[in-house]
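One structure is given below, encoded as structure tokens.
The values are calculated or read from the model by the stated rules, or taken from the named source; none is laboratory data. Values in this document were obtained by computation on a predicted structure and should not be read as measured data. Glycine gets a Cβ as well: all are built from the backbone with ideal geometry, and neighbour counts include every protein chain shown.
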Amino acid sequence: MEKPLTVLRVSLYHPTLGPSAFANVPPRLQHDTSPLLLGRGKDAHLQLQLPRLSRRHLSLEPYLEKGSALLAFCLKALSRKGCVWVNGLTLRYLEQVPLSTVNRVSFSGIQMLVRVEEGTSLEAFVCYFHVSPSPLIYRPEAEETDEWEGISQEQPPPGSG
């Protein structure tokens with residue numbers, strides 16, 4: 001009996017190029033447990049022809065956590081020039097982070113939402129791609145704010161209820 005594959009549901013959005021940026025993206029891509037490469041190079045499993053994208057920009061890498069029988073994934077930045085933003089963290093060349101169930105990723109103008117659905121197969125995983133007509137990330141980077149500006153300077157003394 002075949003074991004169910006882990007599923008990555010990947011939504012893609014580009015603010016200026018729209019769906020045309022993803023014309024070569026298949027709706028479904030099954031992959032073994034080697035790293036899945038994304039970039040504009042010929043060796044990339046997911047090829048996107050965007051000017052600011054490196055030939056090998058990032059990879060989605062399956063792995064096993066100690067004591068687990070399910071695939072987990074990390075995202076690794078492979079671009080020497082650009083960076084990749086993942087769930088609030090900025091990754092530079094060769095830095096990686098583990099992915100959670102829902103992940104917000106931004107790079108080279110692309111917004112990507114990755115949802116991980118667990119399966120029991122250790123031989124392969126499958127990606128389902130969806131091109132979104134609207135933004136996926138509304139605040140891709142943390143903004144500095146002075147959270148104390150709006151608080152009144154006169155506070156009652158503690159315990160004076």
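Quick check on my filter: what residues within the stretch 59-89 are of a type in the set (S, T, N, Q) and within 14 Å of the chain's Cα centre (by Cα)?
Scanning the stretch 59-89 gives SER59, ASN87.
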Q. Checking LEU60 against (1) surrounded by fewer than 18 Cβ atoms within 10 Å (Cβ to Cβ); (2) at pLDDT 95 or above; (3) closer than 19 Å to VAL131 by Cα, which test does it fail?
A. (1)
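Inside the stretch 87-127, counting only strands (runs of 3 or more DSSP E) that do not spill past its ends, which hold 2 or more residues that are in contact (Cβ under 8 Å) with a residue 24 or more places away in the chain and crowded, with 16+ Cβ neighbours inside 10 Å? Before the answer, list the steps.
Details: elements: 89-91, 96-98, 102-107, 110-117.
Filter on the stretch 87-127 gives 102-107, 110-117.
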Q) In the stretch 24-57, which residues are surrounded by 12 or more Cβ atoms within 10 Å (Cβ to Cβ) and in a strand (DSSP E or B)? A) LEU29, HIS31, LEU36, LEU37, LEU38, GLY39, LEU46, GLN47
